[in-house]
Amino acid sequence: MFKKILIPTDGSTLSAQAANKGVSFARQIGAEVVALHVTQPFAATVGFDGMAAAYAITDEDYEKTASQQSNKYIQAVLDRAETAGVKATSRSISNFNVADAVSTAAAEEECDLIFIGSHGRSGLSRLLLGSVTAKVLNLAPCAVLVYRVKDN
C-alpha cells in the first residue's frame with residue numbers, strides 16, 4: 001500500500017521515538033523512507049529578541065550550525081533505517097513554516113505517507129504552542145499517520 005514514507009525529525013527525544021516507529025513500520029510493509037529535517041532561515045532568529053545581534057551570529061555561522069544539526073538529526077534516522085534493512089534517503093529544507101516544508105517535501109519526494117509524531121497536547125497548551133502535526137494534517141498531499149509519542 002505505502003511505498004515511500006516521509007519521516008520528519010526535529011532531533012528531540014520524542015521525535016526520535018516517532019522516527020524509530022516509522023522506520024519499523026516501513027520495514028514491516030516493505031517501504032522506503034525519506035528522513036526530513038526542517039531548519040528555519042536565519043531571518044527567523046534575527047527578530048527573536050535580537051538573538052543574532054546579542055550573540056554576534058552571522059548568517060554564515062547560523063547556516064553552518066543549522067546544517068550540521070540537520071545532518072546529525074537526519075543521520076540518526078538513516079542509521080536506524082540501515083540497522084533495520086530499510087532503504088532510506090534524506091532531505092533538509094529551510095523554511096519559516098515547518099508544516100508547509102513537510103508537506104512540500106512529501107509532494108516533491110512523491111511520498112504516499114507522512115509518518116509524524118505528536119505530543120498529544122490539547123486545550124490551552126495546544127492553542128498556545130500550536131501543533132506542527134495538526135498543520136501537516138491540513139496541508140498534506142498524501143496520507144498522514146500520527147504516532148502518539150510517550151513522555152517518559
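Numbers below:
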quantity	calculated
All positions within the range 53-106 that are under 14 Å from the mean Cα position of the chain (by Cα), among the charged types (D, E, K, R) and over 12 Å from A35 (Cβ atoms)	D100
Every residue from the range 1-53 that is at pLDDT 95 or above, surrounded by fewer than 17 Cβ atoms within 10 Å (Cβ to Cβ) and outside any helix (DSSP H, G or I)	K3, G30, E32
Pick from the range 105-118, criterion over 16 Å from Y147 (Cα atoms) and touching a residue at least 24 places away in the same chain (Cβ under 8 Å), ranking: surrounded by the fewest Cβ atoms within 10 Å (Cβ to Cβ)	E110
Single condition V77 does not satisfy, out of (1) closer than 17 Å to I5 by Cβ; (2) among the hydrophobic types (A, V, I, L, M, F, W, C); (3) modelled with pLDDT under 95	(3)
Subset of the range 84-104 [open to solvent by less than 50 Å² (accessible area, probe 1.4 Å), more than 23 Å from Q28 (Cα to Cα) and of a type in the set (G, A, S)]	A99, A101, S103
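The values are calculated or read from the model by the stated rules, or taken from the named source; none is laboratory data. Because the structure is predicted, anything quoted here is derived from the model rather than measured. All Cβ positions, glycine included, derive from the backbone under ideal geometry; neighbour counts span all protein chains shown. To get the accessible areas, we keep the full protein, side chains included, count just its heavy atoms, and leave off ligands, DNA and RNA. Shrake-Rupley method; radii C 1.70, N 1.55, O 1.52, S 1.80 Å.
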